[in-house]
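Each remark here refers to the structure printed beneath this line.
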Amino acid sequence: MAEAIKMRAQWRDGVTEIRMLIPHPMETGFRKDAVTGRAIPADFIHTLSVRLNDRVVLEGHFNTAVSMNPVIAFKLKGGKPGDRVTASWMDGKGEQRTDETLVR
Amino acid sequence: MDAMRRTLLHGLAAALVAFVAFPLRAFAVEWDKALFGLADFAAAWRSYGATDAPASQQIMLVTPDVAENAATVPIDVTSHIPGTEEIAIFAEKNPLPLICRFFIPEGTMPAISVRLKLAETTRVRAVVRAGGKYYMAAREVRVVGGGCA
C-alpha cells in the first residue's frame with residue numbers, strides 16, 4: 001500500500017496554491033539491481049488528477065523521468081479556505097491512491 | 001415485478017460502478033502509451049505535434065544551469081500565452097524524451113513546478129499548447145553524473 005500524498009493548499013489574495021509530494025519509487029526500468037544485476041522493472045505513476053471540491057483543476061501525465069517521490073506545485077484562481085482538494089494517482093501496476101486536504 | 005426489480009438493481013449497480021470509477025473518470029485524457037514510449041526525441045517531438053512550434057518569450061522556463069542532483073532537477077514553467085491548455089516538458093537526450101504533460105483547465109494558472117531526472121547534459125524544452133497551437137522555450141541543463149543511475 002502506497003504512502004499518503006503529502007499535500008498543502010494555501011489560499012492568499014484570491015489564489016490557491018497547491019503543493020504536493022507523492023511517495024512513489026518512480027522506477028524507470030533502466031536500472032539494474034546492484035547485487036543480482038537483474039533489471040529493475042519500471043514502476044511509475046502515469047496519471048495524476050487534482051480536484052478542488054468536484055472540479056478537476058489539474059491533470060498530469062507522467063513518464064519515468066519525473067523524479068522519485070514527485071513534487072508538484074501549481075496555483076489556481078479562486079478557491080477559499082475550507083475547500084476540499086483531492087489528489088488521485090494511478091501507476092502502471094494499476095495501483096492507485098487518493099488523498100485529500102482542506103484549503104487553509 | 002421481477003423486471004422492475006432487475007431494472008432497479010441494474011441502476012444501483014451502474015451507480016455503484018460510476019461511484020467507484022469516479023477518480024478514474026476524472027482523467028479526461030488517456031495516458032498516451034505510444035507517445036510516452038518514443039525513444040527518439042525527433043519522433044516524440046513530431047508525434048506530440050510540436051514540430052513547428054516557435055520559440056516564445058511568453059514562456060518562462062526556469063531550470064538550474066547545472067544540475068547538482070540529476071535525479072531531482074527542479075523545473076518551473078510559466079506560460080503567459082492566453083488560453084494555455086497544456087504544458088509539456090521534454091529532455092532531448094533522455095532515453096524517453098517526453099517527461100510529462102499537464103492539462104490546465106480554465107481557472108488554473110498556467111504555471112507548474114515539477115522535478116525531473118536527467119540522464120545527461122541536455123536541452124530541456126517546455127511546450128505550451130494554446131488555442132490548438134504549440135509554442136516552446138528551451139534551456140540547456142548541464143548534468144554532472146547521471147540521473148537514471
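Only the coordinates and a few stated rules stand behind these numbers; no lab work does. On a predicted model such as this, the values are computed, not experimentally measured, just so you know. All Cβ positions, even for glycine, are placed from backbone atoms using ideal geometry, and neighbour counts span all protein chains on display.
What residue, among those in the stretch B:49-104 that are in a strand (DSSP E or B) and within 7 Å of chain A (Cβ to nearest Cβ), is surrounded by the fewest Cβ atoms within 10 Å (Cβ to Cβ)? Once the filter is applied, the top-ranked residue is B:Phe103. The set of residues in the stretch A:60-74 being surrounded by fewer than 21 Cβ atoms within 10 Å (Cβ to Cβ) and under 16 Å from B:Thr108 (Cβ atoms) consists of A:Ala73 alone. Selection over the stretch B:39-60 of residues that are of a type in the set (A, V, I, L, M), closer than 12 Å to B:Phe90 by Cα and touching a strand residue (DSSP E or B) at 6+ places or on another chain (Cβ under 7 Å) gives a count of 2. Taking the criterion of being under 24 Å from B:Glu106 (Cα atoms) and free of Cβ contacts under 8 Å to residues at least 24 places away in the same chain, the residues of the stretch A:75-99 that qualify are A:Gly82, A:Thr98. Looking across the stretch B:105-123, the residues that are surrounded by fewer than 24 Cβ atoms within 10 Å (Cβ to Cβ), in contact with a Pro (Cβ under 9 Å, 6 or more places away or on another chain) and under 21 Å from A:Leu21 (Cβ atoms) come down to B:Ser113, B:Val114, B:Arg115. The residues in the stretch B:105-128 that are more than 7 Å from chain A (Cβ to nearest Cβ) and within 30 Å of B:Glu68 (Cα to Cα) can be counted, and the count is 12.
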